[in-house]
Amino acid sequence: MVSRKSLFTFEWQYDRQPGYSGGTVALEIEDKFDVPEGFTLPDLSGVPGCEGVSEPLSHRLTAVYFDTADLRLAARGVTLRRRRGGDDEGWHLKLPKAKGARQEITRPLTRSAKVVPAELASLVLAYTRGAPLVPVAQLETRRGITRLLGPGGAVLVEVADDRVKGTVLGDEPVVRRWREVEAELKEGERDLLKKVAKRLRKAGAAPADSASKLARVLGDRIPAPPPRTRPEPGSAGEVVVAYLRTHADALIAQDPHVRLAGEDAVHKARVACRRLRSALKAFKRIVAGTEDLQEELKWLGEVLGEARDLEVIRARFAGRLDGLDPRFVTADARRRLGDDLLAREHDAYERIRRALSEDRYFALLDALDALVADPPLTATAAKDADKALAKIVDRNWRRVTDAYETARRMEEGEERETAMHDVRKAAKRARYTAEAAGMSGPAERATQVQEVLGRHQDGVVAQGVLLEEAERARQAGEDTFTYGVLAGVESAEAARAQEEFPAVWSRLA
């Protein structure tokens, strides 16, 4: 099994997330190997791309692993440990693999060896669903380290030769012993890691059967994934269920990144919510009885949406202000549209964290798990995918055309603005439906409608925020000229999009 850790490491400062302690986040890029009795580490001094090998080092490591009593973390490929010894002693949280890499989050050692730091415990709530974390295993490792060096003595690859004693904790502890080798990329290109792996395999090492030391010591104690219904191959049900499973997994995978205020994490989580809810609405004749779940996905999307909308509008105003003549920009306006909006964004993130720690959220995740494991399929789910889904995609496009025809018959004004917003929402649902069905043409058509109307809607929303901020500024006795200039820019942007739309619609329709 391959687990990879890169040199991509950054300080865990939480500029947007007050209340968290310092730590680091990294991506693991490493290869793990099982080795036979009598294995000898090969000479690595001549590996192309490195300039030398360090003197061997040795460490004694003791790690205690935490999980729920029923091993919910291990079942999802998550590890949480407290380790003493070595260069990186401390608390380590490793999240499931994504694109060949695992994200590792570390925190300094705490006084308590039995209580997981609250901020790390919160990052695994999507997996534990609030169940307590307890020690489940202990690993004692004698580690020999060989480092491949680059220019200036930089460590490029670290090879660890580990002799491990693993103990499953409990009323009757079980002990296992083994030896394994890990090669971890610290700097440079992945090709260098491949060259090291080639030499290790030539010396008798084989890719590890277990993804981690914890998986090896726990063995068959780790719960198997729950059985999942397998719809008929080529059926509409197969396509829809696969789509639902993909985005349910995406939502859970984004949970810790949302809590960390990771870049684009809230956006990705909200999109997963929207895609799930849209699919459940559009394919209600294939997967039935999901109305309650749709409402809960709507709730979660709204919780996530506040912070995301503030993030987007703050970045939008920053760009607008930078593009204006400096004489038109007051310091008070820049503060209100920057720092003040950022403070509101902080508050929105706090509300997200609270919501993601509630029983309501855990119940939503449980409902998604149950849905994707055994979806309530109808008779239509057994029909041929191409025919059944094409009808649904066409039906959703007709919703767009009907909504636009309704809007066109209205006079200019607030009511028509609302109707055009309904067109955009219908286009978004049509897009998601077509993407779920694997129909790129209809998806692209709906995307173009959504994008043009989205530019108009963004301009309208921006004007509303400017009016609110201008009123606050006026009440504080501040100059409001800058808000008027920006409102004019946003009004012109919205008008341009509105003027473009008939031509876009004519081409698409």
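Per-residue 3J(HN,Hα) values for region 75-82, derived from phi via the Karplus relation 6.51 cos²θ - 1.76 cosθ + 1.60 with θ = phi - 60°, read 5, 9, x, 9, 10, 9, 9, 10 Hz in sequence order (x marks Gly and Pro).
For region 316-471, a simple Cβ point-charge model (Lys and Arg +1, Asp and Glu -1, everything else neutral) yields a dipole of about 520 debye relative to the Cα centre. With a ≥ b ≥ c the root eigenvalues of the C-alpha gyration tensor of region 216-280, is it rounded (a/c under 1.5), prolate (a/b larger than b/c) or oblate? It comes out oblate by the Cα gyration axes. Scoring 460-470, 83-93 by mean Cβ neighbours within 10 Å over their residues and listing the highest first yields 460-470, 83-93.
In sequence order, region 442-447 has phi-based couplings of x, 5, 5, 4, 5, 4 Hz under the Karplus curve 6.51 cos²θ - 1.76 cosθ + 1.60, θ = phi - 60°, and Gly or Pro positions carry x.
In the chain, the longest principal axis of the Cα atoms and the axis of helix 414-437 are about 40 degrees apart.
What does the net charge come to around Arg474 if you take all other residues with beta carbon closer than 12 Å to its beta carbon, with K and R at +1 and D and E at -1? Display every interim value, and only then the final one.
Working: positive: Arg336, Arg472; negative: Asp332, Glu468, Glu469, Glu471, Glu478, Asp479.
Charge balance near Arg474 sits at -4.
Under the classification rounded if a/c is under 1.5, otherwise prolate if a/b is larger than b/c and oblate if not, where does region 119-169 fall, given a ≥ b ≥ c as square roots of the Cα gyration tensor eigenvalues? Judged from the Cα gyration tensor, region 119-169 comes out oblate (a/c at least 1.5, b/c at or above a/b). At full extension, Val175 and Glu405 could sit 75.6 nm farther apart than now, given 0.36 nm per residue minus the alpha carbon distance. Taking a ≥ b ≥ c as the square roots of the eigenvalues of the alpha-carbon gyration tensor, region 351-399 is classed oblate because a/c is 1.5 or more while a/b is no larger than b/c.
In the set (1) 27.3, 85; (2) 23.4, 85; (3) 22.9, 73, which value of Rg and Dmax of the Cα atoms in Å was calculated from the structure you see? Evaluating Rg and Dmax of the Cα atoms in Å on these atoms matches (1). Taking amide H as placed 1.01 Å from N in the peptide plane, the amide H of Ala154 sits under 5 Å from none that are at least 5 places away or on another chain. For Val136, the residues 5 or more places off, or on other chains, whose built amide H falls under 5 Å of its own are Tyr65, Phe66, Asp67. Under 14 Å of direct C-alpha separation, and excluding same-chain neighbours fewer than eight residues apart, Lys298 reaches these aspartates and glutamates: Glu306. Modelled spin-label separation between Glu37 and Lys281, with each label point placed 7 Å from Cα along the Cα-to-Cβ direction: 6.5 nm. Neighbours of Arg230, meaning other residues whose beta-carbon lies under 14 angstrom from its beta-carbon, give a summed charge of -1 when Lys and Arg score +1 and Asp and Glu score -1.
Note on Lys383: lysines with a C-alpha under 23 Å away, same-chain residues under 8 apart excluded, are Lys281, Lys284, Lys391. Annotation: amide H-H contacts under 5 Å for Ala208 (H modelled 1.01 Å from N, sequence separation of 5 or more, or interchain): Lys32, Phe33, Asp34. Taking a straight Cα-Cα cut-off under 24 Å and skipping sequence neighbours fewer than 8 places away in the same chain, the lysines within cross-link reach of Lys198 are Lys5, Lys32, Lys97, Lys99, Lys186, Lys213.
The mean sequence separation of alpha-carbon pairs under 8 Å and at least six residues apart, normalised by the residue count of the chain, gives a relative contact order of 13 percent.
Since every read-out is calculated from the coordinates, none of them should be taken as a lab result. Values in this document were obtained by computation on a predicted structure and should not be read as measured data. Methodologically, a virtual Cβ is constructed for each residue, glycine included, from the backbone with ideal geometry; neighbour enumeration extends over all protein chains shown.
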